[in-house]
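The structure appears below as structure tokens.
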Amino acid sequence: MRSYFTYPISAACLPNGFELNSFAENNLRRVYRHHHEFYELYFFLSGHAEFLMQNRAVPLGRNTLLLLPPGCSHSLRFLDEESVYQRTVLWILPELLAGVSGEDWSEPLELRLSEADGTVIGQLLLLLDGEQDRLERDFSEFEGRDTVFADYIRLIFVHMIRLREQSAVSSAFLRRTQAYLNAHLTSDLRAETIAAALHMGKTHLMRRFHAESGVSLHQYVVKLRLQRARRLLARGVGAGESAVQAGFLEYTTFYKAFLREYGLSPSRFGKGFQIAPSAAEDNRLAGRIESQA
């Protein structure tokens, strides 16, 4: 796989109908908003970043899989300059995807894969990469050349259909739980309190949330509160008040969690750590996340 620091924008960059690339960089702040004429399958492996897809911020975790249809605006925001951000990106022309999959892929798709499913997708991408290398080494037009890599792309999307169906079943529970957490972020969010409000057993709630989201309930609550605090800090709210409005009972707890998550103190962040290309865009995004929270 090759590594790039910029994204190809034109479909002319895909003479074989697809291209597969790996990215492993650090010391970056942001990949700015853009869109493509083709599909982008984005497989996140490691690092500390969030994806901005259309008008929504998508936290990235290991084995996050995103599908962006043509015309879907997106950008990537890095939250820790020291981390190495590793991801694999597959670009596919619409006519190639239409030839290997009869499903409707016109809407953006977000999937949180288990380690097992992530391994399967990773192996298929690796096999496809081998075919890409062979295409680049051999320029002869041997019969059936195009069908080999098309089969691997078809297998990837067959797995994605299954994963999409599984996600649709679990998403109702996640949406309900996440909606409750967003609405009560400054309230008591101990597991037993959440379970009682959702009329579930505490153990069942914790196990199911972890299985379907990929993180523990406690980790999710902390990250949600940190995201709200970060938005408040970016809008000029003081560190102490941001901690309170985000639902942290003790400033020390907030300080340690913020430092661990973002690699700098809340006060330093609030004094000018800029992660967006313009204040206007940050204000719009902050308003959207605050309204959701």
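Here are a few things to note about the model shown:
- Taking the Cα atoms of region 11-172, the ratio Rg/Rh between the radius of gyration and the Kirkwood radius comes to 0.96.
- Modelled spin-label separation between Ala179 and His204, with each label point placed 7 Å from Cα along the Cα-to-Cβ direction: 1.9 nm.
- Taking 0.36 nm per residue of separation and subtracting the Cα-Cα distance, full extension of the segment from Thr253 to Ala191 would add 20.5 nm.
- If you plug the beta carbon distance of Glu82 and Glu107 into 1/(1 + (r/R0)^6) with R0 = 22 Å, you get a FRET efficiency near 0.05.
- Per-residue 3J(HN,Hα) values for region 231-245, derived from phi via the Karplus relation 6.51 cos²θ - 1.76 cosθ + 1.60 with θ = phi - 60°, read 5, 5, 4, 5, 8, x, 6, x, 4, x, 5, 4, 4, 5, 5 Hz in sequence order (x marks Gly and Pro).
- Taken one residue at a time, the phi angles of region 250-259 give Karplus couplings (6.51, -1.76, 1.60, θ = phi - 60°) of 10, 5, 4, 4, 4, 4, 5, 5, 5, 4 Hz. Gly and Pro are set to x.
Bear in mind that the values in this text are calculations on the coordinates, not laboratory data. Bear in mind the structure is a predicted one, so any value in this text is a computation, not a measurement. With ideal geometry, Cβ positions are generated from the backbone for all residues, glycine too; neighbour counts draw on all protein chains shown.
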